[in-house]
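The values are calculated or read from the model by the stated rules, or taken from the named source; none is laboratory data. The shown structure was predicted, so the numbers you read here are calculated from the model rather than taken from an experiment. For neighbour counting, all protein chains shown are included, and Cβ atoms are generated from backbone atoms with ideal geometry for every residue, glycine included. The area values use the complete protein model at the heavy-atom level, side chains included, leaving out ligands, DNA and RNA. Shrake-Rupley method; radii C 1.70, N 1.55, O 1.52, S 1.80 Å.
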Amino acid sequence: MSSLHLIRHGQASFGAEDYDVLSPRGIEQSRALGRYLAERPVRVDAIYSGPRRRQLDTARHLAAAAAERGCALPEVALVPELDEFPAIEIFRRWLPQLAADNPELARLVAAMAGGEAVQPAAFQAAFEHVTHRWARGELDTDDLETFAHFCERVGRGIDRVMAGEGRGRSVAVVTSGGPISVAVRRCLGLADERTMRLAWVIANASVTELRWRGDELSLFGFNAVHHLDDGLVTYR
């Protein structure tokens, strides 16, 4: 039996012009995870990463921290299929249209357009509203990826890793909350919207462990953050 450790990237720069950059806290989360991996008795045979900068930089920082503890981790291999779904693009495209029939969303759109400060809880509620409708297939995505295609893509990436590693391996994969929730969906048979809801509770730099034998994949541990101090546990 082999182990697949799915790592969500460290905290990115939420609210900044370029989200795809680790925040200072995200860097420290990544380094804390690297120190933890260096001290574990279980080896890491391979490391994979999705293509986003925040994913690759998380892998880079955790590897550097592990090396400082005398543990040389393997070189990172890129798996493009383990990219996140186009969340920001979906939100920007559909929020104004959905706001026409939703007063709360309309107030949020007006506040954002006017440069007003937006409460994180209000923004998160709006973000979930849009992405859940996307997951249910209620939005015409046009050129953007559908939820079904997203799940299929992530599945191909996971299969690629499993096929390449074989039996008795311990593999780390740095990705994002969406692909991790899709992997758990595969283990537990979750419905579409439940899969999306799961993504919102996956912490930055957390570890979700799956185990596989052949093509059978099972959930062994979810969203572990015991390697992070309380002040380092974040979800956005």
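Taking one quarter of the surface of the C-alpha convex hull of the range 108-236 gives a mean projected area of 9.9 nm². Accessible surface of Tyr235, taken over heavy atoms with a 1.4 Å probe and every protein chain present, rounds to 100 Å². For the chain, the solvent-accessible area of protein heavy atoms averages 49 Å² per residue (probe radius 1.4 Å; ligands and nucleic acids excluded). Out of every Cα-Cα pair that the chain contains, those further apart than 21 angstrom amount to 57 percent.
Could you order peptides 89-102, 191-204 by the average number of other Cβ atoms within 10 Å of their residues, highest first?
Going from most to least packed, we get 191-204, 89-102.
For the chain, the share of DSSP beta bridges that are antiparallel, to the nearest 5, is 50%.
Projecting the Cα atoms of Ser181, Leu228, Ala199 onto the charge dipole of the chain (Cβ charges, centred on the Cα centre) puts Leu228 farthest toward the positive pole.
When the gyration tensor of the range 183-236 is built from Cα positions, what are the square roots of 5 times its three eigenvalues, in whole Å, from largest to smallest?
Values: eigenvalues 105, 49, 6 Å².
That gives 23, 16, 6 Å for the three semi-axes.
Ignoring ligands, DNA and RNA, what percent of the accessible area of the chain is carbon or sulfur (1.4 Å)? Don't skip to the answer; put the middle values down first.
On the way: 5760 of 11460 Å².
The C+S portion of the solvent-accessible surface of the chain is 50 percent.
In this simple spin-label approximation, Met112 and Glu138 carry label points 7 Å from Cα along the Cα→Cβ vector, and these lie 1.7 nm apart.
Using a simple charge model, +1 on the beta-carbon of Lys and Arg, -1 on the beta-carbon of Asp and Glu, nothing else, what dipole does the chain show about its Cα centre, in debye to the nearest 20?
Dipole of the chain, to the nearest 20 debye: 780 debye.
For the range 6-123, what is the convex hull volume of its Cα atoms per residue in Å³?
Numbers: hull volume 14.4 nm³, N = 118.
Each residue corresponds to 122 Å³ of Cα convex hull volume.
Farthest toward the positive end of the dipole of the range 71-155, out of His149, Ala135, Gln119, is the Cα of Gln119, where the dipole comes from beta carbon charges about the Cα centre. Placing a label point 7 Å from the Cα of Glu39 along the Cα-to-Cβ direction, the residues of the range 63-78 whose backbone N falls under 17 Å from that point are 63-72. Per q in 0.13, 0.16, 0.18 1/Å, what log10 I(q)/I(0) does a Debye calculation on the alpha-carbon atoms of the range 49-189 return? For the range 49-189 at q = 0.13, 0.16, 0.18 Å⁻¹, log10 I(q)/I(0) is -0.72, -0.94, -1.06. Between the helical axis of 103-113 and the longest alpha-carbon principal axis of the chain there is an angle of about 80 degrees.
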